[in-house]
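Presented below is the structure to which this report refers.
Laboratory data are not the source of any read-out in this text; all were calculated from the coordinates shown. In this text, all values refer to a predicted model and were calculated from it rather than measured experimentally. Cβ placement follows ideal geometry from the backbone for every residue including glycine, while neighbour counts extend to all protein chains displayed.
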Amino acid sequence: MLAAFFYLALIMPPEFSVTIAGLRLSLYRVLLLVVTVPLLIRLLCNTKQSVMIADYMIIAHALWVVLALTVSGGISIGVETGGIYVVESLGAYLLGRLTITCAAEHRALIYFMVAVLACMFLITLPESLTGVHFVRETARAVMGGPALPVIEARLGLDRAFGSFDHPILYGVFAASTFAATYYVLSNEKIGIRAVCLMGIVAGSTFLSLSAGPFVGLACQFCIILWDRLTKGISLRWTALMSIFLLIWFAVSLASNRTPIKVFISYLTFSAHSAYNRILIWDYGSAEVARHPLFGIGLGDWIRAPWMSDSMDNFWLLTAVRYGLPALIFLTLAIIFLGVRQTKYSSHKSQTNRHRMAWLAIIIGLSVSGITVHFWNALFAYFFFLLGTGAWLACPQRREIARPAISRHQMGKPRLATT
């Protein structure tokens, strides 16, 4: 299964990458370079179903990034950096979009993802306890490469890298299957099986000791809890949205800071991290105001002299680098997918479970993205997950799996029974 192979390619340590003519080639990038164009042709030429608005939005997002990079950095930057962006975003989306086409395939992928994560947990648990980063250090011993960055311990434990560039990326990656273990693998039943599966995901997320993954996990948990408590109540999701808007309004009245700054300050592990992220928001949003259309590309952003050049906010960085249109296109793609899923999936219990899992996961990732920047494998993984939910918005996909009734069968008289 191509999706399973891509998932395995994503968790390969970065040390296994090779650089050719200045281009870093990891296993997942090589795979995407091979399949992106064929998958795009397959999508556009598919006569069994029309291309969705969300598909056009993802394509527009990727193409706008190429245009923005060309404007800010020239044709070479637009072609090289923009090209690899298209491969990692549009290519990963198309791979999920066209390989996961029904509930059975979605369930099989989630089983595989959780099984792989459980194996990683057996490695990252001793890594966190001993401080020896087994996967990355073994990869360094084989392939060479720079030493791992020194990251402070928290709660008396070392932060686990797993096979990722940073513990925070491993945590977000681990948290991304939490809702699926409940909705898809456990069929909304809380038993020993569900507790064990959800415990593996939560435990793996904990080993990153990062606030961003914790928040994403908490969002999924709250959605599951609200779903269970309000089952059978009409307009319950409208009520939840209304509660959120009331909280936002109350915070804006009660605080001398904007609501976004208040929430950012609470989505961090320490006061220092909160202060730094608020500064990132201030300087980053000012940069967007100065360059709203095409962003600053790969150029440096204006900030205080003591601040790092790292911008720990996926959504803000997207607008800073590539302009507001790139952010708007991506946001609209997610919204269109969610709305279309609701239209076609909410009245069927099995399909609805898959829909709820996808929505909870994407919401969790989106909230994590406020304090985390997705890069390398996690960036491609995010777009891949977006694509895996497209079948829920395509009624034609589900109809294909149903046995067709021939014209002869339709016209054949039924035998009377007594």
Study note, to complete from the structure: Any aspartates and glutamates whose Cα falls less than 17 Å from that of LYS261, other than same-chain ones fewer than 8 residues away, would be ASP282, GLU287, ASP312
Study note, to complete from the structure: Expressed as a whole-number percentage, the relative contact order of the chain with C-alpha contacts under 8 angstrom and at least six residues apart is 24 percent
Exercise for review: Please work out the Cα center distance from the stretch 138-169 to the stretch 246-267, rounded to the nearest Å.
Suggested key: 34 Å
Exercise for review: Taking the Cβ of each residue in CYS394, CYS102, CYS45 as the centre, tally the other Cβ atoms inside 10 Å and list the residues starting with the fewest.
Suggested key: CYS45, CYS102, CYS394
Review point. From the phi of every residue in the stretch 8-20, what ³J(HN,Hα) in whole Hz does the Karplus formula 6.51 cos²θ - 1.76 cosθ + 1.60 yield, where θ is phi - 60° and glycine or proline is x?
Key: 5, 5, 5, 9, 6, x, x, 5, 7, 7, 10, 10, 10
Check your understanding: Computed over the Cα atoms of the stretch 58-196, what is the convex hull's projected area averaged over all directions, in nm²?
Key -> 12.1 nm²
**Study point:** Cα lying deepest toward the dipole's positive end in the chain, options SER72, ILE224, LEU246, charges on Cβ
**Key:** ILE224
Practice item. Quick one: order TYR322, TYR111 by neighbouring beta-carbon count within 10 Å, fewest to most. Key: TYR111, TYR322
Review point. By counting other Cβ atoms within 10 Å of each Cβ, how are GLU15, GLU88 ranked from fewest to most?
Key: GLU15, GLU88
Check your understanding: Given only helices, namely DSSP H runs of n ≥ 4 each adding -39500 (n - 2.57), what is the per-residue ellipticity at 222 nm of the chain, to the nearest 500 deg cm²/dmol?
Key -> -21000 deg cm²/dmol
Exercise for review: Could you check the simple spin-label distance between ALA21 and VAL34, using points 7 Å along Cα→Cβ, in nm with one decimal?
Suggested key: 1.9 nm
Revision key, fill the gap. About its Cα centre, the stretch 52-140 carries a charge dipole, from +1 on Lys and Arg Cβ atoms and -1 on Asp and Glu Cβ atoms, whose size in debye to the nearest 20 is 100 debye
Check your understanding: Just how far, in whole angstrom, is the stretch 292-358 from the stretch 9-36 if you go by their alpha carbon centroids?
Key -> 24 Å
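Can you compute the charge dipole magnitude of the chain about its Cα centre, using +1 on each Lys and Arg Cβ and -1 on each Asp and Glu Cβ, nothing else charged? Give it in debye, rounded to the nearest 20.
Using only the charged Cβ atoms, the result is roughly 1880 debye.
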Practice item. In a Gaussian network model over the chain where Cα atoms closer than 10 Å are linked, find which of GLN350, GLN220, GLN341 has the largest mean-square fluctuation. Key: GLN350
Practice item. Using amide H atoms built 1.01 Å from N in the peptide plane, name the residues 5+ places from ARG154, or on other chains, whose amide H lies under 5 Å from its own. Key: ARG159
**Study point:** Neighbour cut-off at most 14 other Cβ (10 Å), DSSP loop, trypsin sites (Lys or Arg not before Pro), the stretch 1-82
**Key:** LYS48
Practice item. Mind listing the long-range amide H neighbours of GLY295? Cut-off is under 5 Å, sequence gap 5 or more, other chains count too, H placed in the peptide plane at 1.01 Å from N. Key: GLY323, LEU324
Review point. How would you classify the stretch 227-305 from its alpha-carbon gyration tensor, with a ≥ b ≥ c the square roots of the eigenvalues: rounded for a/c under 1.5, else prolate if a/b is greater than b/c, otherwise oblate?
Key: prolate
Study note, to complete from the structure: Listed residues ILE363, ILE20, ILE110; largest mean-square fluctuation, Gaussian network over the chain with Cα springs below 10 Å, found at ILE20
Check your understanding: Say we join alpha carbon atoms closer than 10 Å with springs in a Gaussian network model of the chain; which of GLY91, GLY389, GLY191 then has the biggest fluctuation?
Key -> GLY191
Revision key, fill the gap. The stretch 61-105: relative contact order from alpha carbon pairs under 8 Å, six or more residues apart, as a whole percent, is 33 percent
Exercise for review: Please say if the chain is rounded, prolate or oblate, where rounded means a/c under 1.5 for a ≥ b ≥ c the square roots of the C-alpha gyration tensor eigenvalues, and otherwise the choice is prolate for a/b larger than b/c and oblate otherwise?
Suggested key: rounded
Revision key, fill the gap. Given the candidates PHE374, ILE20, VAL116, the one whose Cα lies deepest towards the positive end of the charge dipole of the chain, counting +1 at each Lys or Arg C-beta and -1 at each Asp or Glu C-beta, is VAL116
